[in-house]
Amino acid sequence: MLKMENRQREIPDTLNLSTEKFGNLRIEKENVITFENGILGFEDLRQFIIIDIEECLPFEWLVSIKDPLIAFPILNPMPFFTDYHPLKSIGDLSSLGIKDTKTAEIFCTVTLGNSPSDVTINLKGPIIINMKNKRGKQYALTEDYYSLHHPLVRK
């Protein structure tokens, strides 16, 4: 009879993610961001990772863990739109555990075009992430002065 050893299973701190755009990635589990309600239009996808590729900066990518084919180019809009203040419109961020807005990271999805003048940013649907607890949510702003396809570069 073989004696079975009583070993504790080690839980890996990383996961492997195979993506079409970025190849095989090793992701630290602590960097996985959970969207309790998913992303608008992709409500069944709830865990994402932000990938930053040096040659793509300032753009980053929000990649689904469940379906790595789903990857959104995102951008922090604040350096480009100094008059953009979505946190004033949202108000209550307690569902993300945000007490101080300084811990909130703001991103917007981007539609890339063939030329810089074709690139647009969705200012109407900001993504707010609490980087401390890795919880995020996409909001739908109702103000008319925000656009789904706002030009990133003014012509």
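The values are calculated or read from the model by the stated rules, or taken from the named source; none is laboratory data. Computed from a predicted model, the values in this text were never measured in an experiment. Methodologically, a virtual Cβ is constructed for each residue, glycine included, from the backbone with ideal geometry; neighbour enumeration extends over all protein chains shown.
Summary table below
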{"item": "Single residue of Thr120, Thr109 found to be in contact (Cβ under 8 Å) with a residue 40 or more places away in the chain, closer than 20 Å to Cys56 by Cβ and surrounded by 13 or more Cβ atoms within 10 Å (Cβ to Cβ)", "result": "Thr109"}
{"item": "Strands (runs of 3 or more DSSP E) within segment 7-103 that include 3 or more residues without any contact (Cβ under 8 Å) to a residue 24 or more places away in the chain", "result": "23-28"}
{"item": "Test: Phe48 is within 24 Å of Asn24 (Cα to Cα), touching a Gly at 6+ places or on another chain (Cβ under 7 Å) and at pLDDT 95 or above", "result": "no"}
{"item": "Whichever residue in segment 132-155 is under 14 Å from the mean Cα position of the chain (by Cα) and assigned to a strand (DSSP E or B) and, among such residues, is surrounded by the most Cβ atoms within 10 Å (Cβ to Cβ)", "result": "Gly136"}
{"item": "Check on Lys124, basic (Lys, Arg) and not in a loop (DSSP other than H, G, I, E, B)", "result": "no"}
{"item": "Matching residues, segment 24-39, being surrounded by 10 or more Cβ atoms within 10 Å (Cβ to Cβ) and over 15 Å from Val63 (Cβ atoms)", "result": "Glu36, Asn37"}
{"item": "Every residue from segment 102-131 that is among the charged types (D, E, K, R) and within 14 Å of the chain's Cα centre (by Cα)", "result": "Glu105"}
{"item": "Segment 57-73, subset buried (at least 18 other Cβ atoms within 10 Å of the Cβ) and touching a Pro at 6+ places or on another chain (Cβ under 9 Å), residue farthest from Leu152 (Cα to Cα)", "result": "Leu62"}
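Residue-by-condition table, conditions (1) hydrophobic (A, V, I, L, M, F, W, C); (2) buried (at least 17 other Cβ atoms within 10 Å of the Cβ); (3) more than 20 Å from Leu141 (Cβ to Cβ):
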position	(1), (2), (3)
Phe22	yes, no, yes
Gly41	no, no, no
Glu55	no, no, yes
Leu75	yes, yes, no
Pro79	no, no, no
Ser94	no, no, no
